[in-house]
Amino acid sequence: MNRCVIGLQWGDEGKGKVVDILAEDSDVVVRYNGGSNAGHTVVVGNDKFALHLLPSGSVRPKTVCVITNAVVVDPEVLIGEIEGLARRGITLSNRLFISENAHLVLDYHKKEDQLREESLGKKKIGTTIRGIGPCNSDKMGRSYCIRMGDLRDPIGLEAKLRSIVEYKNKVFTAVFKAEPMDAGPILEKCKFYAGKLLPFTLDTTEYLHGALGRGKSVLFEGAQGTMLDIDHGTFPFVTSANVSGLGMPAGSGVPAKMVDEFVGVAKAYTTRVGAGPFPTELDNEIGQYIRDKGHEYGTTTGRPRRCGWFDAVVASYSVAIGGIDSVALMHLDTLTGLDELKVCVGYEIDGKQTAFFPANIDKLAKAKCVYQALPGWKDDITQLSDFDRLPSNAQNYVSFIEKSIKKPVTMIGVGPNRSQTIFRR
Ligand code: GDP
Ligand code: IMO
Ligand code: MG
């Protein structure tokens, strides 16, 4: 059984937890998109792991972990994660494979990310400043790139790096009036990265097709959420890659038809970090209640997440373009205590009602949400493992979401721990 896990909202839906659970039945877990802008949390007993580049299967000692071509790899973050896990007794030797074609995020990308955001002022995207946009821009531009495999050739690497830094310095000084960078320290760092990461580097497309041919079970771990997709999200307030189900084949080199089940992950409400439209946002005490109760602060940047009601228009759209088969609904416990809950079932735009998400921010700015109100529940649900024991209003809420998005909810999160999950199959 091969599966792919995809975020259905604006990221941080709880994908790390779902991947960790599904990894139990998988031989290989694959990160195929994004970079260290992602922050995926896994909680096992008293241990908490926040992973940015390593697949969430890495905390399981025997799971093979693969980072494929389309992941933009910040070597410093990746080395930090590998060594961080080693300090906790989890070693990745012989079970981590990094694509030789993955592009490297280097210091000038992070500097450029910051300079671009500063220059946009109030119009800034609110990026994670992890260098993701600049690295992907360079990748599409093709002329100024370093990939993992380039670390194998120190002489070629030096020539490439010097010409890139020369070009970047022209941009930094002329466009942004910023200080130029020195290529020397970046080159030294690359030599260090080579020593640490080349032992894990190979052709991951060949590896994955070999593993699939041997009947191994592969789990693909999407980063971000569909609303942040460069082509299908709330552009320009998105990340710089395909993060929906459409990104999986391009990112990994494995065709989507080899995936048996696409699992969408959504929170029982909605959150977003960074700027951009958010139709169901609750900029009030209910939003604050959800933020406090759900600990809604970014895993990567620590920024407070914006919170709002569940948006079935958003989730249905993500289900449609992601080819989603089943849904994991997380953080149901966070809604406990609210008297009344609302689900957005349609938008009214210019006097017309629509249930299909318009991926155009001018239209979205005019969207008025059409809500269905549902009664809340008060009883603690964090220790429950059986759907039938949930308060009836919680059961009705889940059923209403299933009906709205026309997909079965097969997993329900009732707390951050691996064990705090209700399964329904
Ligand atoms: P990801 O980016 O989709 O992997 O999600 P993050 O890890 O960035 O954010 C999800 C947060 O919610 C993490 O702190 C998780 O530990 C936590 N979490 C996941 N599922 C649940 C749940 O069902 N209930 C609660 N209360 N917390 C959860
Ligand atoms: P996970 O995988 C939430 C958001 C940023 C910003 C926009 C662009 O943990 O769900 P970028 O640094 O990618 O150029 O920023 O995208 N963003 C995320 N938001 N979760 C993520 O990943 C995100 N990755 C990027 O906050 O709004
Ligand atoms: Mg996250």
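The values are calculated or read from the model by the stated rules, or taken from the named source; none is laboratory data. Being a predicted model, the structure only gives us computed values, none of them experimental. Positions of Cβ are generated from backbone atoms using ideal geometry, with glycine treated the same way; all protein chains shown enter the neighbour counts. Ligands, DNA and RNA are stripped out before the accessible areas are found, and what is left, the full protein with its side chains, is counted by its heavy atoms. Shrake-Rupley method; radii C 1.70, N 1.55, O 1.52, S 1.80 Å.
Using the alpha-carbon centroid of each, what span in Å lies between the stretch 372-407 and the stretch 110-177?
47 Å
State, as an integer percentage, the relative contact order of the stretch 167-278 based on alpha-carbon contacts under 8 Å between residues 6 or more apart.
RCO, the stretch 167-278: 15 percent.
Return the distance in nm (one decimal) between the two label points of a simple spin-label model at Arg424 and Asp153, each offset 7 Å from Cα along Cα→Cβ.
5.5 nm
Cα-Cα over 28 Å: which of Lys15/Lys191; Lys267/Lys378; Lys17/Lys293?
Over 28 Å Cα-Cα: Lys15/Lys191.
Let's see if you can work this out: charge +1 on each Lys and Arg Cβ, -1 on each Asp and Glu Cβ, no other charges. What is the dipole magnitude of the chain about its Cα centre, in debye to the nearest 20?
Using Cβ point charges on Lys, Arg, Asp and Glu, the chain gives about 320 debye.
Be a star and scan the stretch 70-93 for residues whose amide nitrogen sits under 19 Å from the point 7 Å along the Cα-to-Cβ vector of Asp47.
Residues passing the 19 Å test: 79-93.
Going by a ≥ b ≥ c, the root eigenvalues of the Cα gyration tensor, does the stretch 169-292 fall in the rounded group (a/c under 1.5), the prolate group (a/b larger than b/c) or the oblate group?
Oblate.
Helix 107-120 sits at what angle to the longest principal axis of the chain, using alpha carbons and giving 0 to 90 degrees rounded to 10?
50 degrees
State the extension gain, in nm to one decimal, for the chain segment bounded by Val175 and Asp339, taking 0.36 nm per residue of separation less the distance between their alpha-carbons.
53.7 nm
Name the residue farthest towards the positive end of the dipole of the chain from the options Pro416, Ser137, Trp309, assuming +1 on Cβ of Lys and Arg, -1 on Cβ of Asp and Glu, about the Cα centre.
The residue sitting most towards the positive pole is Ser137.
Which shape class applies to the stretch 71-161: rounded if a/c is under 1.5, otherwise prolate when a/b exceeds b/c and oblate if not, where a ≥ b ≥ c are the square roots of the Cα gyration tensor eigenvalues?
oblate
Please report, to one decimal in angstroms, the Kirkwood hydrodynamic radius of the stretch 1-98 built from all distinct Cα-Cα pairs.
About 13.5 Å for the stretch 1-98.
With a ≥ b ≥ c taken as the square roots of the eigenvalues of the C-alpha gyration tensor of the stretch 289-386, please select rounded if a/c is under 1.5 and otherwise prolate if a/b is larger than b/c or oblate if it is not?
prolate
By DSSP, what percent of the beta bridges with both residues in the stretch 37-184 are antiparallel, rounded to the nearest 5?
Of those bridges, close to 60 percent are antiparallel.
Give me the percent of DSSP beta bridges within the chain that run antiparallel, rounded to the nearest 5.
So the antiparallel bridges amount to about 40 percent of the total.
How much net charge surrounds Thr127 when only the other residues with a Cβ under 9 Å from the Cβ of Thr127 are counted, with Lys and Arg +1 and Asp and Glu -1?
Net local charge, Thr127 excluded: +1.
Mind jotting down the three principal axis lengths of the stretch 329-425 based on Cα atoms? Whole angstrom, largest first.
The principal-axis extents, from largest down, are 45, 26, 21 Å.
Mind checking the angle between helix 75-87 and the chain's longest principal axis? C-alpha axes, 0 to 90 degrees, to the nearest 10.
Roughly 70 degrees, rounded to the nearest 10.
Kindly express, to the nearest 10 degrees and within the range 0 to 90, the angle between helix 132-141's C-alpha long axis and the longest C-alpha principal axis of the chain.
Around 60 degrees separate the two axes.
List the residues of the stretch 81-112 whose backbone N lies under 15 Å from a point placed 7 Å from the Cα of Asp203 along the Cα-to-Cβ direction.
Zone members listed by number: 98-102.
To check you understand DSSP bridge types, tell me what percent of the beta bridges within the stretch 252-353 (both residues inside) are antiparallel, rounded to 5.
Approximately 50 percent, going by the DSSP bridge assignments.
Of Pro75, Asn46, Cys65, which is farthest towards the positive pole of the stretch 1-116's charge dipole, taken about the Cα centre with +1 and -1 on the beta-carbons of Lys, Arg and Asp, Glu respectively?
Asn46
Using only the heavy atoms of the protein chains and a 1.4 Å probe, how would Ile125, Ile155 rank by accessible area, largest first?
Ile155, Ile125
Under the rule that a partner needs its Cβ under 4.7 Å from the first Cβ, which Cys of the chain have none?
Cys4, Cys65, Cys135, Cys145, Cys190, Cys307
Can you show me the helix-derived [θ] at 222 nm for the chain, built from DSSP H runs with n ≥ 4 at -39,500 (n - 2.57) apiece and divided by the number of residues, rounded to the nearest 500.
Here the helix-only value at 222 nm equals -10000 deg cm²/dmol.
Got a sec? Charge dipole of the chain, +1 on Cβ for Lys and Arg, -1 for Asp and Glu; which of Leu120, Phe262, Gly7 is way out at the positive end?
My answer, from the dipole projection, is Leu120.
At 25 °C and a viscosity of 0.890 mPa s, what translational diffusion coefficient does Stokes-Einstein give for the chain, taking Rh as the Kirkwood radius over Cα pairs? Give it in µm²/s as a whole number.
This corresponds to a translational diffusion coefficient of 111 µm²/s.
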